[in-house]
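Take a look at the structure below.
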Amino acid sequence: METSPKSLDPRTLAKLGGLQLRARRIVEGYVAGLHRSPHHGFSIEFAEHREYSPGDDLRYLDWKVFARTDKFYLKQFEDETNLVCHVVFDASESMSFQGPQAALSKLDYAKCLAASLSWLVLKQQDAVGLITYDQRVRAELPAGNTATHLHEVIRVLDECVAQAQTATGVVLRQLAQRLRKRSVVVVLSDLLGDTTALLTGLRALHRRQHDVLVLQVMDRAELSFPFDRPTRFEGLEQFRDVVADPRRLRTAYLAEMERHLATVHRGCRECEIDYRLVATDEPLDRVLTSFLSQRRTRVR
Amino acid sequence: MTPPSIFSAWSFANIGMLAWGLAVGIPIAIHFWNRRTQQTVRWAAMDFLLTAIDKQSRSIRLEQWVLLALRMSILALLAVALADPLMTGLSMLQFVPDAKQRQHTVIVIDTSYSMATQSGDPISNNQTFFDLAKSQASDMARQNRQGDGITLITLATSPHAVIGSVAFEGEDVVREIEALTISNQGADLAATITEVERVIDVTARRHPSLEHCRVIFFTDLGRTTWGEIQTQNVQRLIAALAAKADVMVHEIGEPTRDNGAIARLSTATPLAPVHRPATYEAEVHNHSLSEQRRRVEFLVDGTAAAQQHLTIPAEGTAIASFSHRFDTPGQHVIEARIDRDRLLLDNHRWLSVTTPTSIRVLCVAGRPAAARFIALALNPQATGSADFQTDVVAEDALLDSELPGYDCIILANLSRLSQEEVQRLGDFVRAGGGLITVLGDQVQADNYNDQLTNAASGTTLIPATLAELVRGGPHRLDALQYQHSLLTEFRGHEQSGLLTLPVWRYFKLRLLPGSETALAFANGDAALVTRDVGRGRCVLLATAADADSIDLSSDPQVPWSALVSWPSFPPLVHEMVKFAIGGRAARQNFLVGEPWDVAKLGNGSEQMIVRDPLGHEEPTPTVNTSPPGGSVRRSGVYRIEQPGTDLPAQRIAVNLDTHESNLDRLAADGLPSQFIPEGDGLDASRGLGSDAQPSPLFRVVLAIVFLLVLTESTFTWWLGARSV
C-alpha cells in the first residue's frame, strides 16, 4: 500500500479550517494517488454487462450478446452511469467522541469522509444525496449532481451537530421504505446502539436492491481502550457516568467490542454489504482507496 | 483473679514504634487520592463498558479488597515488627490481669553473695548472676505499663525496701536497680517475705487503684536461702503472701556446684609474742561434686609467704597450714586465698592478729600471797622467755605502777579500791587492756560496787555487782556447754577438773547489762563473768584464787575454794588472761553482718575515720550515737583511723560466713504450689519486657511481612497480566 501524503493525515486535516477545504485536500490527494495506482476511479464504473440472475428485469437483457455468446447479460452501462448515491450520516452524540490521541472526533472524521465521497461522486457526474440522523432523520438533502450541490452537501455537514441518542436501525428501515429508486447507500456511523435493529435496517435496504456500503467509524481509543489510570467515564447518549479502573476492565471491554464488531461484520457479509471498519487515525485517502478498491474487486 | 485477656499475652519492647501502624491509612488515602486525581473521559461505547463492568464488578471488587487488605496488613505488621513484639507465654494468661486493670509489681532481687557467681565461662564472661538479675529486672521495669506501679525489695539477711513507695516510672526503678550492690551475706527468706507483705499492704492502702499485685523473685534459688521454704513458718508466710499476690520465681543463671571457699582462717595462738612462731590454718571447703585440687596461698601483710596444694574430696574440706614468726610487734594481717573459680568472693579470707613483744601481766595482791599462785600458773619457771611476764605488787603499789606497760592486770583479793585507782584502771582497760578481778575474803563488796560499777563516772570495771556471800557447798561449776570463748580450750576436755572444782564460798553476782557468763555454779549463780569495756575486757571470778582465803566465821573454817590446787587452775588462768587481753584481737576480726561497735574501738574518741576494703570512707557512728555502731557489709580489711590520737590505725579483718558458698539449688518444682514455676512457661522478664536480643517473634512477624509483600507483588502482577 502506498504511503499517504502527509497532508491527508487526520492530524494535518484537523488543522484545516473548513470541511470543504478538507474534502478538497482529500480528493486531490486521492486523485493524485490514482496516477500512481493501477485502480481506476470510482467503483461504480464497472463492466458494461452483468450476468443475468433470476429476478433481473428482462428489459435490460442484451440480446446481441446473447446471440453471440448464447449467454444472458444485462446491459447496465447506461443505467449505472446515472448512479444515485445517498450518504447516510450518523450525527448522534456518540459520534462526538474524540479519543485522547485522536486528531479528529468521529463526527469530524466522518464528515471528511462524507464530503470526499460526495465530491468523488459528483466529479463523475453522478448524483449524491445526504441524510443526517440520530434517533430520526435530522436533515435530508435530495440527490443532485449540479456543481453547486457539493456546497449544499458540505453546508449540511458543517451544520451537523452531534446530539441525542442514535437509532441507526430504525432510520435505515425508514430509508429503505422511502428510497424507491435503487441507489448506492453509504452508511457512515459508529454503529453503536442496538445491533439487531441495525442489521434489520441494513437487511431492509439490501432487500430493496440498494447497494449498501457501511463505513463504521471508530476512535482508536474505543478499539484499544488504552487507559491506565482510574477514570471517570462520562456516558454519551444519556448513559450514566461510571468510575472504573480501566486496567481491570480492558479485557472484558475489548471482548465486548470484538463481539460487537464481529456481529456487525458477519451481518453485513450475510447481506453482501460492503463493510469496513475505519479508525479515525487512519489517513483518509487510504481509507477511500482501500474501500473503493475492495469494492471494485468485489463487483467484478 | 480476673479473666485472662489475650492481649495481655503480648508486650512490646518499643511500644512507641506501634505509631507506625498509622501507616495503614496510607493505602486508603492513596485510594481516595486516586479518586480525586482520576481522569475524566467522555465515552461513547458505554454499552460495552457497562457490560464489562457488570461482568467484572464482583471479581474486581474482591480483588481490590484483597489488595487493600494485603497492603494494610503489610504496613500494620511492619509497625508491629518495629515495636519488637514479645509473647509472655500462655501461662501468663492464667494470672495476668486484663489490660484495663492496674497492677502493682513487687520486684524482689536476691542479693545474697551466691548471686556473685559468674555466669557461663568464667574467663570470657564477667557477668554474674546478680548482673543478669539486674538486667532482666530492669527490662521488666522498662516495660512498665502506664499506670502500673513497681516496688523493689532485696532478698537479703536484712531485706530492704529500696523502693517501698510505689514508683510509676520504669526508668526510676531501673536507676535504683542499677544502684543495687550485692551483699556479702546470705539471705533471710522469711524476713524478706514479711517485708514484701508489708510493702503490699502499704501499697494497697495508698494506691487502691492498683487492683492486682504480683511478686517476682529474681534469684538463683540457692538452697541456703530457699531451703527455708520447707519450714512451717515460711510456708505459712508464703500462703499469706499468695493470698494477696501472684508469686513468681524467675530463676537466674545456670545451676552449678563448682565452688570452693575458705571457710576458716585461724590460729591457735592469736597472741603469739614476737619471735614466737605461730601456726595459721586455712580450712578450704570443696562444694563441688567431684574431688578438686586447689592451691592455697598465704600472704602476710600483703606479701606472699607460703603456698600449699590441697586435694579436697567432693563436698569435703581440707586444711592448709603454715607457720610464721613475726619479728616486729604490732598488728598484722594474714590473708589466705585459693585459685579462681566461678564465685570469687569466698576465695579470700583475712585474719588480723596482734603480736605483742610479750604478754605482761601485773598481779596486784591484796595480801602478800594472794597472787602467788596466779603468777606461778602464768610463768611457772619464772624465766624471761615465757609467754607471760608477771610482776606481783602489793595493793598500795597500784598507783605507782606504769599500767600502760602491761597487757593485763589481775586484782587478787583486793580489799578496796580508791577512786584514783579506779580511774587509772579505767584508762588502762579502755585502751585495750585486760582486767581480771579475783575475789576473796578481803573484798569489801560495797566498795567494789561503788567504785567499780559507778555509773556516774561512766566506768564499769567489773561485769557484775557483788551481792551476799554464799556459803555451803561444795559448789560445783557448770561450763554452760563451753559456749563462752573463754572456755574454748576446755571443750572436749571434760576431765580437766574444771567441773569437779569444789567451791565453798563465793559472792553472788548480779550481772550488769552487756555482761556474759562464762562459768556458772550448779545452782545457776554466775561464777565467771566477762564484759567488754572500751577496747579492753573485764573478767570477774566470784570466788578466791589463793590459799589464804578462808572463812573464819564458819565452824569448822573452810577455804573459799580449792582452785589453786586443782589441775584446771593453770589453764583457767591462762585462758582468763588470754581472753582478757584478747579483746583487741577479737575486735579485729568480724564476720560480715556482725554488730560492729565502732564507737568502742575508738577509745572514747569521737573523731574516727573508717575506710572500707576499697579505701572508701564510711560514715562513722560516734559514741553518742544510739545505738552506737552498725554492721559491716563487705568482706576485706577495714582501717580505723583516729586522727586526734597517737593510736596507730587499726586493721579489722571482715570475713564471709561461708554458708552461702554452697551453690546447690532448690529445684523449681520443689517450690510450694503457690509459686508459678518457670517450668510452666513463666518467664518473668519476657513477661513484661524484652530480651536484649531480638525476639523470635520479631523475626516471625518480619517473615510474615515478607510473605505478604511477595503475595502482594505476585497478585498485582497476576492482575496486571490478566488485564493486558
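A few points about this structure:
- Once the Cα-Cα distance is subtracted from the 0.36 nm per residue extended length, the B:R295 to B:D258 segment shows a gain of 11.8 nm.
- Point-to-point label distance, A:R232-B:N14, nm (Cα→Cβ direction, 7 Å offset): 4.3 nm
- Karplus (6.51, -1.76, 1.60) ³J(HN,Hα), θ = phi - 60°, over region B:652-659, in Hz, Gly and Pro reported as x: 10, 8, 10, 10, 7, 7, 7, 4
- Under 5 Å from the amide H of A:D134 lie the amide H atoms of A:A91, each residue being 5 or more positions distant or on a separate chain, with H modelled from the backbone and absent for Pro and chain starts.
- Peptide packing: for B:300-309, B:147-156, B:277-286, B:546-555, the average count of neighbouring Cβ atoms within 10 Å per residue gives the ranking B:147-156, B:277-286, B:546-555, B:300-309, highest mean first.
- Computed from the C-beta positions of B:L512 and B:T303, the FRET efficiency with R₀ = 41 Å rounds to 0.40.
- Accessible carbon and sulfur surface of chain B relative to its total accessible area, %, 1.4 Å: 54 percent
- Heavy-atom accessible surface of region B:254-411, averaged per residue, reaches 43 Å², computed with a 1.4 Å probe.
- Split the accessible area of region A:82-299 by element, probe 1.4 Å, and carbon with sulfur accounts for 46%.
- Ordering of A:212-223, B:319-330, B:661-672 by packing is A:212-223, B:661-672, B:319-330, highest average first (other Cβ atoms within 10 Å, averaged per residue).
- Largest to smallest principal axis extent of the C-alpha atoms in chain B, angstrom: 148, 53, 48
- Every Cα-Cα pair of region B:129-225 was included, and the share exceeding 18 Å stands at 46 percent.
- Using a Förster distance of 41 Å, the FRET efficiency for B:E281-B:A190 (Cβ separation, nearest 0.05): 0.75
- Spin-label model distance (nm) - B:S209 vs B:D391, 7 Å beyond Cα toward Cβ: 7.9 nm
- Chains A and B, summed buried accessible surface - 1.4 Å probe, Å², nearest 100: 3000 Å²
- In sequence order, region A:104-109 has phi-based couplings of 10, 6, 4, 5, 5, 5 Hz under the Karplus curve 6.51 cos²θ - 1.76 cosθ + 1.60, θ = phi - 60°, and Gly or Pro positions carry x.
- Under 12 Å of direct C-alpha separation, and excluding same-chain neighbours fewer than eight residues apart, A:K106 reaches these aspartates and glutamates: A:D90, A:E93, A:D190, A:D219, A:E222, A:D281, A:E282.
- Accessible area in the full protein assembly, largest first, 1.4 Å probe, for B:S290, A:S118: B:S290, A:S118
- Protection-proxy order for peptides A:176-183, B:241-248, each taking the mean of Cβ atoms within 10 Å per residue, highest first: B:241-248, A:176-183
- Among the residues of B:52-64, the average count of other protein chain beta-carbon atoms within 10 Å of the residue beta-carbon is 4.
- Distance between modelled label sites at B:R340 and A:R182, nm, 7 Å Cα→Cβ extension: 12.0 nm
- Using the alpha-carbon positions of region A:82-299, Rg (one decimal) and Dmax (whole number) come out as 17.1, 54 Å.
- Legend: mean number of C-beta atoms from other chains within 10 angstrom of residue C-beta atoms, peptide A:231-243, equals 5.
- Distance-filtered residues of region A:224-255 - backbone nitrogen under 18 Å, label point 7 angstrom along B:R36 Cα→Cβ: A:230-232
- The GluC sites (Glu not before Pro) of region B:129-231 meeting both criteria, a DSSP state outside H, G, I, E and B (loop) and at most 15 other C-beta atoms within 10 angstrom of the site's C-beta, are B:E169, B:E211.
- Spatial offset of region B:52-75 relative to region B:385-430 amounts to 109 Å, using the alpha carbon center of each.
- Rounded to the nearest 500, the 222 nm mean residue ellipticity of chain B from helices alone is -8500 deg cm²/dmol, with -39,500 (n - 2.57) taken per DSSP H run of at least 4 residues.
- Once backbone amide H atoms are built at 1.01 Å from N, B:V393 has B:C363, B:V364, B:A365 as its partners under 5 Å, excluding neighbours fewer than 5 places away on the same chain.
The values are calculated or read from the model by the stated rules, or taken from the named source; none is laboratory data. None of these values were measured; they are calculated from a predicted model. Methodologically, a virtual Cβ is constructed for each residue, glycine included, from the backbone with ideal geometry; neighbour enumeration extends over all protein chains shown. All accessible areas refer to the heavy atoms of the entire protein, side chains included, with ligands and DNA or RNA removed. Shrake-Rupley method; radii C 1.70, N 1.55, O 1.52, S 1.80 Å.
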